[in-house]
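This report refers to the structure that appears directly beneath it.
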């Protein structure tokens with residue numbers, strides 16, 4: 001198994017040198033992929049009813065725009081795959097995302113994985129002028145439209161949310177189509193991932209327990225019902241750099257693989273690391289232990 005790495009937004013902050021240092025270290029250490037989260041705007045404060053992780057996504061938290069920062073990272077790395085985890089697709093225009101993704105895939109020589117999700121912040125949808133209530137239904141049509149644009153020279157499509165008349169994007173991506181992984185936690189979203197996605201980015205706050213195993217079974221069952229081979233799809237679970245060091249992190253990864261995950265992303269964010277250098281030390285330690 002090859003391990004991925006989560007980009008630690010808060011530790012990097014707005015320091016361009018840290019963006020470069022972390023990306024180059026990840027590439028040189030042999031990590032398979034680097035994931036970057038997406039929030040266009042943050043609320044001024046946590047609101048009643050917000051999920052428990054909401055404090056990490058207010059306006060006081062630095063969050064880089066994934067497509068832009070990954071374009072920069074594409075230019076300074078060589079082999080590491082670049083993953084949006086996740087673009088909140090229904091709050092963005094699908095045709096524009098298809099164009100941006102195609103460009104990034106071209107510039108990275110086919111290293112992009114487009115991770116998408118439906119999002120949870122209604123105020124963010126409001127700020128972008130997009131409807132929050134229809135986001136789950138809209139994402140399916142968006143996926144279809146983007147794949148058409150990546151594959152075909154010109155596209156004509158009339159759906160519930162898109163009216164496209166004999167147009168195409170140029171340049172098109174190296175990968176046709178670009179792999180799409182879904183971030184999902186609710187059963188309906190997991191079934192959508194199994195039915196439509198090339199992979200599933202497991203909710204990073206889950207533990208590898210019986211409940212998580214049932215979610216993996218739900219994903220595989222949805223893939224089979226759609227006539228797909230689950231073994232050809234990615235199930236990417238997260239291991240956080242918590243207490244115990246690299247040996248404990250590897251044991252956690254093994255727990256995930258024992259219940260059906262076939263990819264692991266190592267995350268140093270929200271792991272009580274005080275300095276940026278500690279994030280670098282953690283990814284070096286994990287890479288060394290995984291290579292033993």
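The values are calculated or read from the model by the stated rules, or taken from the named source; none is laboratory data. Keep in mind it's a predicted model, so treat the numbers as computed, not measured. Positions of Cβ are generated from backbone atoms using ideal geometry, with glycine treated the same way; all protein chains shown enter the neighbour counts.
Being under 18 Å from the mean Cα position of the chain (by Cα), assigned to a loop (DSSP other than H, G, I, E, B) and over 28 Å from residue 162 (Cα atoms) is true for just one of 72, 31. Which residue is that?
31
The residues on offer are 42, 49, 56, and the sole one that is part of a loop (DSSP other than H, G, I, E, B), out of contact with any strand residue (DSSP E or B) (no Cβ under 9 Å at 6 or more places or on another chain) and crowded, with 16+ Cβ neighbours inside 10 Å is 42. Return yes when residue 74 is over 15 Å from residue 143 (Cα atoms), touching a helix residue (DSSP H, G or I) at 6+ places or on another chain (Cβ under 9 Å) and surrounded by fewer than 16 Cβ atoms within 10 Å (Cβ to Cβ) and no when it is not. When the stated conditions are applied, residue 74 does not pass them.
Quick check on the range 175-185: of everything there that is part of a loop (DSSP other than H, G, I, E, B) and in contact (Cβ under 8 Å) with a residue 40 or more places away in the chain, which residue is farthest from residue 4 (Cα to Cα)? Here the residue is 175. Here residue 126 passes the criteria (1) part of a helix (DSSP H, G or I); (2) in contact with a strand residue (DSSP E or B) (Cβ under 9 Å, 6 or more places away or on another chain) except the one numbered (2). Candidates in the range 23-39 are the residues that are touching a helix residue (DSSP H, G or I) at 6+ places or on another chain (Cβ under 9 Å) and surrounded by fewer than 16 Cβ atoms within 10 Å (Cβ to Cβ); of these, the one that is nearest to residue 76 (Cα to Cα) is 24. Reported count of residues in the range 234-254, each being in a helix (DSSP H, G or I) and free of Cβ contacts under 8 Å to residues at least 24 places away in the same chain, is 3. You will find that of 167, 145, the residue that is under 15 Å from residue 94 (Cα atoms), surrounded by 18 or more Cβ atoms within 10 Å (Cβ to Cβ) and at pLDDT 95 or above is 145 and no other. Restricting attention to the range 250-272 and to residues that are touching a strand residue (DSSP E or B) at 6+ places or on another chain (Cβ under 7 Å) and farther than 17 Å from residue 8 by Cα, the residue that is surrounded by the fewest Cβ atoms within 10 Å (Cβ to Cβ) turns out to be 262.
Remark: residue 60 falls outside the filter, which requires a residue to be out of contact with any helix residue (DSSP H, G or I) (no Cβ under 6 Å at 6 or more places or on another chain) and within 24 Å of residue 171 (Cα to Cα). For residue 156, the conditions (1) buried (at least 23 other Cβ atoms within 10 Å of the Cβ); (2) without any contact (Cβ under 8 Å) to a residue 12 or more places away in the chain are fulfilled apart from (1). Exactly one residue among 133, 193, 102, 212 is surrounded by fewer than 22 Cβ atoms within 10 Å (Cβ to Cβ), at pLDDT 95 or above and assigned to a helix (DSSP H, G or I), and that residue is 212. Of the residues making up the range 81-103, those that are more than 18 Å from residue 144 (Cα to Cα) and either in contact (Cβ under 8 Å) with a residue 60 or more places away in the chain or out of contact with any helix residue (DSSP H, G or I) (no Cβ under 8 Å at 6 or more places or on another chain) (or both) number 4.
On inspection, residue 172 does not qualify as part of a helix (DSSP H, G or I) and either without any contact (Cβ under 8 Å) to a residue 12 or more places away in the chain or surrounded by 15 or more Cβ atoms within 10 Å (Cβ to Cβ) (or both).
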